[in-house]
1. From the helices alone, meaning DSSP H stretches of at least four residues, give me the mean residue ellipticity at 222 nm for the chain, per-run term -39500 (n - 2.57), in deg cm²/dmol to the nearest 500.
2. Suppose we take every Cα in segment 42-184 and form the convex hull; what volume per residue is that in Å³?
3. Of all GluC sites (Glu not before Pro) in segment 1-73, which ones are in loop regions per DSSP and have a Cβ with at most 15 other Cβ atoms within 10 Å?
4. Could you calculate the contour length gain from ASP91 to ASN191, that is, 0.36 nm times the residue separation minus the distance between their Cα atoms, to one decimal place in nm?
5. Relative to the longest principal axis of the chain, what angle (0 to 90°, nearest 10) does the C-alpha long axis of helix 132-143 take?
6. List the residues, sorted by chain then number, that are 5 or more residues from ALA149 or on another chain and whose placed amide H is less than 5 Å from its amide H.
7. Using R₀ = 41 Å, calculate the FRET efficiency as 1/(1 + (r/R₀)^6) where r is the Cβ-Cβ separation of SER104 and SER44; round to 0.05.
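Bear in mind that the values in this text are calculations on the coordinates, not laboratory data. For clarity, every value in this text was computed on a predicted model and none was experimentally measured. Because the Cβ atoms are built from the backbone with ideal geometry, glycine has one as well, and the counts that use them run over all protein chains shown.
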Amino acid sequence: MDILKERILCDGSGIGTDVVKVDGFLNHMIDVRLMDLIGKEFASRFADVKVDKILTVEASGIAVACFAAKYFNCVPVVFAKKTAPNTMIEDAYCAEAKSFTKGSISMVRVAKKYICEGENILIIDDFLAHGQAGSALAQIVRMGGAEVAGFGAVIEKKFQGGGDKMREDGIRVESLAIIEKIEDGKIYFSNN
């Protein structure tokens, strides 16, 4: 997605060799027009699969998932919670996920009533780095007897291996911008 790549280069930045800072348009302040185009692109890439729900993890994936849902006939968006609020009194599916950005491990959870047997669930997130969050969400989908329709990442950091790992696990991955490497703060995209 060329417009996304241009925006990453223009308004984003590389930090060191492994961090991409895009908080000015994707995950702190949101460019609504760009987010709408991102949602439309995910719908185009997954047009060949049935999607009953979209699953993401709080917080940065929620906006992406909601914009994508608009183009999947406004299917419901479910987001995994990283902490158990006192209002979550029902049983939940839980899986462990390490956050690359925060350097912490969270137990992500989704109330069992929101993952139904036989559903096709598309997982969408803002980043795909080591694949921990995506793998945890796929595990939750399968715990509920549903099928993983695919995984959509706005930005994949290919050099961190998460996309390859998920693909090896049989999950279809569609990334809108794939970063091959970061050197001295400069971002290099993959030709894929």
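1. Taking each H run of at least 4 residues, the total per residue is -8500 deg cm²/dmol.
2. Numbers: hull volume 15.3 nm³, N = 143.
Hull volume normalised by residue count: 107 Å³.
3. Numbers: sites: GLU6, GLU41, GLU58; in loops: GLU58.
Answer by residue number: GLU58.
4. The span from ASP91 to ASN191 would gain 31.6 nm if fully extended.
5. 20 degrees
6. ILE121, LEU122, ILE123
7. Working: r = 35 Å, r/R0 = 0.84.
Between SER104 and SER44 the formula returns 0.75.
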